[in-house]
Amino acid sequence: MRINKFLAECGLASRRKCEEYIERREVAVNGKVVTDLSTQISGDDVVTVNGRRLSLPSKHVYLLLNKPKGCVTTVSDDRGRKTVIDIVRGDYQDTRLFPVGRLDYDTEGLLILTTDGDLCNRITHPANEIEKVYTAKVEGKVTEDELATLRRGVVLDGRRTGKCRAKLLSYDAKANISSVEIAIREGLNREVRRMFESLGKQVTFLKRVAIGDLRLRGVDRGSYRKLTKEEIEYLRNM
């Protein structure tokens, strides 16, 4: 298989991130640094990244995590903050898991952790436009006109966001808080929060509840479970 696929299958990172390792001359095959992304790897080849040998796992791991607020969506953090990997480390100490995509520090909800780089690439690649569904609590009453503006797309960083789905779930007049469901197909930094900020609205709570048809059900905040065979097959064929 191609070198970037091999690295991803080993759980190093997504294919695109693996290509960056190769371009930085950090990958060697049989002791020789490789920079050609089309390099093919056979079963007898010894592949190392910064001197550490990688090998294909005998079986991939797929976890569904209900990420809590107050932890970062990374494998490690140079500021010493809790990571999503810390939550599962007790059961997977020697497994090179990594998160699929990203949730902000203060955002909670559905996050997939896996050793399968191919699956990560499929879900996160912009061209696949996989829908991610969030529920948001927003200060003030969100009007139908404002929801229509979100659906058409708003300008962030000089470009218009893609069309999305958005609907008002409820409005608490006493607390002056709107509950909104919004489904996007992009992955811009803090995208949902910034979309509401463009309307002059502040998001006070944000939770991802679905990726495609995969829903966050039956998993408590800060807990996780293994994906079923049917769920894994669904994600592979999205």
Name the pairs: first residue in region 214-238 and under 28 Å from Ala127 (Cβ atoms), second residue open to solvent by 80 Å² or more (accessible area, probe 1.4 Å) and assigned to a loop (DSSP other than H, G, I, E, B), Cβ to Cβ under 8 Å, at least 6 apart or on different chains?
Tyr234/Asp213
Region 115-174, residues that are within 30 Å of Arg89 (Cα to Cα) and either among the acidic types (Asp, Glu) or in contact with a strand residue (DSSP E or B) (Cβ under 6 Å, 6 or more places away or on another chain) (or both)
Asp116, Asp118, Cys120, Ile123, Glu131, Lys132, Val133, Tyr134, Thr135, Ala136
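Residue-by-condition table, conditions (1) in a loop (DSSP other than H, G, I, E, B); (2) touching a residue at least 40 places away in the same chain (Cβ under 8 Å); (3) more than 30 Å from Gly218 (Cα to Cα); (4) open to solvent by 20 Å² or more (accessible area, probe 1.4 Å):
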{"site": "Lys5", "(1), (2), (3), (4)": "no, yes, yes, yes"}
{"site": "Gly11", "(1), (2), (3), (4)": "yes, yes, no, no"}
{"site": "Lys17", "(1), (2), (3), (4)": "no, no, yes, yes"}
{"site": "Glu20", "(1), (2), (3), (4)": "no, no, yes, yes"}
{"site": "Leu37", "(1), (2), (3), (4)": "yes, no, yes, yes"}
{"site": "Gly43", "(1), (2), (3), (4)": "yes, no, yes, yes"}
{"site": "Thr48", "(1), (2), (3), (4)": "no, no, yes, yes"}
{"site": "Lys59", "(1), (2), (3), (4)": "yes, no, no, yes"}
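Open to solvent by 70 Å² or more (accessible area, probe 1.4 Å), farther than 30 Å from Ile232 by Cα and part of a loop (DSSP other than H, G, I, E, B) - does that describe any residue in region 183-198? Before the answer, list the steps.
Of region 183-198, the ones open to solvent by 70 Å² or more (accessible area, probe 1.4 Å) are 185, 187, 189-190, 197.
If we keep only those that are farther than 30 Å from Ile232 by Cα as well, we get 197.
Next, from what is left, pick out any that are part of a loop (DSSP other than H, G, I, E, B): none.
Taking every residue of region 183-198 in turn, none turns out to be open to solvent by 70 Å² or more (accessible area, probe 1.4 Å), farther than 30 Å from Ile232 by Cα and part of a loop (DSSP other than H, G, I, E, B).
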Whether any residue in region 50-57 is closer than 26 Å to Val133 by Cα, open to solvent by 10 Å² or more (accessible area, probe 1.4 Å) and either in contact (Cβ under 8 Å) with a residue 24 or more places away in the chain or not in a loop (DSSP other than H, G, I, E, B) (or both) is what I want to check.
no
Take residues that are open to solvent by less than 70 Å² (accessible area, probe 1.4 Å) and not small (Gly, Ala, Ser) and tell me which of the strands (runs of 3 or more DSSP E) falling wholly in region 68-181 contain 2 or more.
98-100, 108-114, 132-139
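The values are calculated or read from the model by the stated rules, or taken from the named source; none is laboratory data. Being a predicted model, the structure only gives us computed values, none of them experimental. FYI the Cβ positions are ideal-geometry reconstructions off the backbone, even for glycines, and counts take in every protein chain you see. Surface accessibility is based on the protein's heavy atoms, side chains included, excluding ligands, DNA and RNA. Shrake-Rupley method; radii C 1.70, N 1.55, O 1.52, S 1.80 Å.
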